[in-house]
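Please treat every number below as a calculation from the coordinates, not as lab data. The structure presented is a predicted model; accordingly, all values stated were derived computationally and were not measured. Using ideal geometry, Cβ is built from the backbone for each residue, glycine included, and neighbour counts are taken over all protein chains shown.
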Amino acid sequence: MASPWPVAPDLALDLGTGLTRLASRGGGPLIERPTSLIPTSSRGALALEACPERPVEHGVVVDVRAAARL
């Protein structure tokens, strides 16, 4: 049975509380970014008065929709 999820056996994703990391087998880290989102307006402009969304707390995904946007 085929997996319904895209599979990349040579990549690893670490969705951490503070940082999200993407690494390749044998190549080390490819991307390391904060695990947070800055809300935007409907026109795509940054909503500077809004607080960043943090979809992961204490190692647990607490906002699935925000985590999917990462």
How far is it, in nm, from the label point at residue 32 to the one at residue 11 when both lie 7 Å from their Cα along the line to the Cβ? 1.9 nm
Residue 57 to residue 23: extension gain in nm, 0.36 nm per residue of separation minus the Cα-Cα distance? 10.1 nm
